[in-house]
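Following: one structure in structure tokens, then a few remarks.
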Amino acid sequence: MHEPRSAWRNTTHDWARAVDAEHLVRIRNNPELFAPGGVPHLILEVLAYAAEEAECNTGGRCTVSLHADGSVSVADNGRGTDTRVDDQGQTVKKPVMATKDLRFFDLSDAHLLPDGHARRGMSVVSALSEWLVHTNRRRNGSWTQRYEHGVPVTDLVPIADDGTTGTTVHFRADKAVRALAEMSPRELQRLTGSWPHLSVEVTDHRAQIVVWEV
């Protein structure tokens, strides 16, 4: 029998709260603070979750694609974002995009990402993006959902299973964030080497360049 959301144990995010509007506004009002170095930092925020998954599962793979429209997609082969069914029969996914990561956000001793800046969580990426599409594939079902500046604008939309698991985060950062720094695929590749359990491929569709790290 399914339990109410209030009974679910919180490890990384608060299951009982789907959207924390105040949290998202705070991020949007401070792009220089929450995205130091611009889009590369946001990419590292996404990759950090894939790196955690890879370490727990003796390795993993991830593809980072830089698109011509200024958007970025990050796809991994992990287990996918945790998704459950509550006591009302509603499918609920862990609110990673629209609420704070309880392990990192606002902590003075937060873990540092490979660029030397504090890790704060996926909500930073979502809040500082014009749009973000989260595609999730798990053993218990697959779906996609779209966000605009951190706020979900669609429900979970079911998609056909393809026999794989993993998460794809496709986002276009705000113009102010995109202007903070140049996007260097080779520098990004160098930074991802800090995660020994995660193999990362960076593809620059803007110039059709592929850089591979084993």
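Yes or no, residue by residue, for (1) touching a helix residue (DSSP H, G or I) at 6+ places or on another chain (Cβ under 9 Å); (2) at pLDDT 95 or above:
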| site | (1), (2) |
| --- | --- |
| 73 | no, yes |
| 81 | yes, no |
| 106 | no, no |
| 133 | no, yes |
| 144 | no, yes |
(request) Check off (1) of a type outside the set (Ser, Thr, Tyr); (2) modelled with pLDDT under 95; (3) surrounded by fewer than 18 Cβ atoms within 10 Å (Cβ to Cβ); (4) over 14 Å from residue 71 (Cα atoms) for residue 191 and give me the number that stays unchecked. (result) (3)
(request) Only residues in the stretch 5-17 that are hydroxyl-bearing (Ser, Thr, Tyr) and surrounded by 14 or more Cβ atoms within 10 Å (Cβ to Cβ) count as the first member; pair them with residues that are at pLDDT below 85 and outside any helix (DSSP H, G or I), Cβ under 9 angstrom, at least 6 apart or cross-chain, and list the lot. (result) none
(request) Of the numbered conditions (1) assigned to a helix (DSSP H, G or I); (2) modelled with pLDDT under 95; (3) crowded, with 18+ Cβ neighbours inside 10 Å, residue 186 fails exactly one; give the number of that condition. (result) (3)
(request) Please verify whether the stretch 106-127 includes one or more residues that are in a strand (DSSP E or B) and surrounded by fewer than 16 Cβ atoms within 10 Å (Cβ to Cβ). (result) yes
(message) Restricting to the stretch 31-49, name every residue that is more than 17 Å from residue 190 (Cα to Cα) and crowded, with 19+ Cβ neighbours inside 10 Å.
(response) 31, 34, 35, 49
(request) Being surrounded by 14 or more Cβ atoms within 10 Å (Cβ to Cβ) and part of a loop (DSSP other than H, G, I, E, B) is the filter here, so list the residues in the stretch 50-78 that pass it. (result) 67, 70, 71, 77, 78
(message) Is it the case, given these coordinates, that residue 166 is of a type outside the set (S, T, N, Q) and either touching a residue at least 60 places away in the same chain (Cβ under 8 Å) or over 26 Å from residue 59 (Cα atoms) (or both)?
(response) yes
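State yes or no: is residue 110 without any contact (Cβ under 8 Å) to a residue 24 or more places away in the chain and of a type outside the set (D, E, K, R)?
Taking the combined requirement at face value, the residue satisfies it.
The values are calculated or read from the model by the stated rules, or taken from the named source; none is laboratory data. What you see is a predicted model, and the numbers here were worked out from it, not measured in a lab. Here the Cβ is made from the backbone with ideal geometry for all residues, glycine too, and neighbour counts use every protein chain on show.
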